[in-house]
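Notes to accompany the following structure.
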Amino acid sequence: MASLDRVKVLVLGDSGVGKSSLVHLLCQNQVLGNPSWTVGCSVDVRVHDYKEGTPEEKTFYIELWDVGGSVGSASSVKSTRAVFYNSVNGIILVHDLTNKKSSQNLSRWSVEALNRDMVPTGVLVTNGDYDREQFADNQIPLLVIGTKLDQIHETKRHEVLTRTAFLAEDFNAEEINLDCTNPRYLAAGSSNAVKLSRFFDKVIEKRYFLRDGNQMPGFPDRKRFLGGTFKSLHYD
C-alpha cells in the first residue's frame, strides 16, 4: 500500500468510559469483544476519504491516540501523558452518558491537552477550571462523544441528552452519542457517520489546507507511516 498522509487525533476521557471500544469500532468496524484498561497510550489507524465523492477526494490515515490514565492532578501523571500531546491535529473527548462525573472531567482533559500544545489556544485556566468562551478561538477541532447510550433508561434519556448537548456547545463542538457494542450507530449514511466524517475532514483541512482551500506550502509531508493493513501500537 502506498504511503498516505496522516493526521493525529487524541481520544481523551476518564478510564472506563469506553475509549478503547470506541477506537476499535472506528478503526476496525467491529465490536471489541474483551476490552481492557489502556496503560500509557494505544494507537490505531483509520483510513478516511477526505471530501468523499468530490473532485478533491483524497485518502488519509487518521491516527487515533487512545490515552489512558487517571484524570488526577498529580504532576507525575500529567507529565507521563504529556509526551502524547505533541503535534495534535484534533481531539475526541469521550464521556460515559451514565456517569455525570466523566462528563464534567472533560474540561480537565481538554485543558491539559490544549495547554500542552505549542500553538496558543486561547484557553484560560483559573483555579483548575476553564473559560468556556475561549473555546470559540480554539484552532484544534474537537468532537464530543457520549458512550453507553443503551444503558440510559428511556425516562431519563431526554434529560441526559439535553445536558450533554449543552456540554458539546461549551466546547464549540459537534456531538455524537452511541453504544459502542452496536455498529449501527455509525452505519454509513447515518447522522453520526456524517458528523464523524465532517470532523475528520475538518482535522485534515486544518492540518494540510488553508481556509480558502489552497494547499499550504510545504505540505503534504509524506513521512513514512504504517504500510499494509491496520496496525496498532502500544506504549507502556
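Overview of results
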read-out	value
Probe 1.4 Å, all protein chains present, accessible-area order of TRP37, TRP109, largest first	TRP37, TRP109
Full-extension gain in nm, ARG198 to GLN30, via 0.36 nm per residue minus C-alpha separation	58.4 nm
Above-threshold pairs, the threshold being 21 Å between Cα atoms, out of LYS156/LYS202; LYS19/LYS58; LYS19/LYS51; LYS148/LYS195; LYS101/LYS156	LYS156/LYS202; LYS19/LYS58; LYS19/LYS51
Alpha-carbon radius of gyration plus Dmax, which is the widest Cα pair, for the stretch 1-59 in Å	14.1, 42
Separation of the ARG184 and THR80 label points, Cα + 7 Å toward Cβ, nm	4.0 nm
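The values are calculated or read from the model by the stated rules, or taken from the named source; none is laboratory data. Predicted model only: the values in this text are computed from it and were never measured. A quick note on method: Cβ atoms are made from the backbone with ideal geometry, for glycine too, and the neighbour counts reach across all protein chains shown. Quick note on the areas: whole protein, heavy atoms, side chains included, nothing else; ligands and nucleic acids left out. Shrake-Rupley method; radii C 1.70, N 1.55, O 1.52, S 1.80 Å.
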